[in-house]
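Working notes for the structure below.
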Amino acid sequence: MPHEAVTLKLTTRQAQALRALAELEDLPPEVYAAEVLAKHLYHAYTPDVARRAAAAGGAPGGDTP
């Protein structure tokens, strides 16, 4: 699976929270943000969501959890 760069636009409060939470996990903020996003997407992209995305023409690659 190819990797894609993502840019986040965070509010000041969100950036502060990201830095604080990353520090608690002893991770760089970029790594912590990527892990949180990946976990969220894994749980949010259910088979039902994949079917709905495919029906709307927006399912990437046909991968389902």
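Accessible area per residue for the chain is 88 Å², calculated with a 1.4 Å probe on protein heavy atoms, without ligands, DNA or RNA. In a solvent-free Debye calculation with one equal scatterer on each Cα, what is log10 I(q)/I(0) for the chain at q = 0.20, 0.21, 0.24, 0.30 Å⁻¹, listed in the order of the q values? The Debye formula, applied to the Cα set alone, gives -0.88, -0.92, -1.02, -1.27.
Of the solvent-accessible surface of the chain, computed with a 1.4 Å probe and all protein chains present, 58% belongs to carbon and sulfur.
The values are calculated or read from the model by the stated rules, or taken from the named source; none is laboratory data. The structure displayed is predicted, hence computed values, not measured ones. Note: areas computed on protein heavy atoms with side chains; ligands, DNA, RNA excluded. Shrake-Rupley method; radii C 1.70, N 1.55, O 1.52, S 1.80 Å.
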